[in-house]
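The values are calculated or read from the model by the stated rules, or taken from the named source; none is laboratory data. A quick note: this is a predicted structure, and the numbers were derived from the prediction, not measured. Cβ placement follows ideal geometry from the backbone for every residue including glycine, while neighbour counts extend to all protein chains displayed.
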Amino acid sequence: NAGVTQTPKFRVLKTGQSMTLLCAQDMNHEYMYWYRQDPGMGLRLIHYSVGEGTTAKGEVPDGYNVSRLKKQNFLLGLESAAPSQTSVYFCASSYCRQGCEQYFGPGTRLTVT
Amino acid sequence: DQQVKQNSPSLSVQEGRISILNCDYTNSMFDYFLWYKKYPAEGPTFLISISSIKDKNEDGRFTVFLNKSAKHLSLHIVPSQPGDSAVYFCAAIDPNDYKLSFGAGTTVTVRA
């Protein structure tokens, strides 16, 4: 049981390049989330999904797109990376929305130069 | 505008003593609160939670206290151990959208 996994662990992009971050969970969770963590700001929600085929915007969605084609996978895309997207990205999943914890992946450290 | 605030970015405590972490929130609709612990190069892991209908929840060395009138919660770790050295995040859920709002985190260092 691997829990929540994220690939890649590290990535350096040049401004304007695109990339996709992959999140996978093997806990059969309905709900999945993408966060970014920046110094002094905690974790901020980018996008989330309440089930296969559904996505919704979070607190800071601009510059990102997501897809949830399979229940176990949640992809985060950057179409044209900007230095402001330099951050650590965390994926999380949960089995319910209210009153249950989210399980986090180990994170992806992204640097945009 | 951050709705969950952890005003102490760091805390240093001697092994065996009590660690007290504080968290304030502004959204009176929050009805569920969680604490997460994070080690370097790892994702946050769930530690303890409390519903807004309670004022205290205890799990081993960890106790969370909620004061709804003051919009304040705290996490007590007794006794503190070296393995408790980590970043601790306070988080809250708004039942209107079920999203988690996180504080900025408090870095705890337990000294031997």
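Before moving on, here are some points about what is shown:
- Checking each residue in the stretch A:1-57 for being over 17 Å from A:SER93 (Cβ atoms), of a type in the set (A, V, I, L, M) and out of contact with any Leu (no Cβ under 6 Å at 6 or more places or on another chain) picks out A:VAL12, A:LEU13, A:MET41.
- Residue satisfying all of: in the stretch B:90-105; of a type in the set (D, E, K, R) and without any contact (Cβ under 8 Å) to a residue 12 or more places away in the chain; surrounded by the most Cβ atoms within 10 Å (Cβ to Cβ) among these: B:LYS99
- In the stretch B:73-84, the qualifying residues are those that are touching a residue at least 40 places away in the same chain (Cβ under 8 Å) and surrounded by fewer than 18 Cβ atoms within 10 Å (Cβ to Cβ), and the one that is farthest from B:ILE50 (Cα to Cα) is B:PRO82.
- Of the candidates A:GLN98, A:GLN102, the single residue that is surrounded by fewer than 14 Cβ atoms within 10 Å (Cβ to Cβ), within 9 Å of chain B (Cβ to nearest Cβ) and not basic (Lys, Arg) is A:GLN98.
- In the condition set (1) touching a residue at least 60 places away in the same chain (Cβ under 8 Å); (2) touching a Ser or Thr at 6+ places or on another chain (Cβ under 6 Å), A:CYS23 is compliant with all but (2).
- Residues in the stretch B:6-38 that are facing chain A (nearest Cβ under 10 Å) and more than 21 Å from A:CYS100 (Cα to Cα): B:GLN6, B:PRO9.
- Number of the exception - A:TYR48 against (1) touching a Lys or Arg at 6+ places or on another chain (Cβ under 6 Å); (2) under 28 Å from B:PHE33 (Cβ atoms): (1)
- Flag if A:LEU21 is outside any loop (DSSP other than H, G, I, E, B) and in contact with a Phe, Trp or Tyr (Cβ under 8 Å, 6 or more places away or on another chain): yes
- Residue that is surrounded by the most Cβ atoms within 10 Å (Cβ to Cβ) [pool: residues in the stretch B:10-42 that are modelled with pLDDT under 95 and over 19 Å from B:ALA92 (Cβ atoms)]: B:GLU42
- Among (1) surrounded by fewer than 20 Cβ atoms within 10 Å (Cβ to Cβ); (2) in a strand (DSSP E or B); (3) away from every other protein chain (no Cβ under 11 Å); (4) touching an Asp or Glu at 6+ places or on another chain (Cβ under 9 Å), the one test that A:VAL88 misses: (3)
- Residue list for the stretch A:56-85, filter: within 14 Å of another protein chain (Cβ to nearest Cβ), assigned to a loop (DSSP other than H, G, I, E, B) and free of Cβ contacts under 8 Å to residues at least 24 places away in the same chain: A:GLU59, A:PRO61
- So A:ARG44, is it more than 9 Å from chain B (Cβ to nearest Cβ), surrounded by 15 or more Cβ atoms within 10 Å (Cβ to Cβ) and among the charged types (D, E, K, R): no
- When we screen B:VAL64, B:VAL87 for residues that are buried (at least 18 other Cβ atoms within 10 Å of the Cβ) and in contact (Cβ under 8 Å) with a residue 40 or more places away in the chain, the only hit is B:VAL87.
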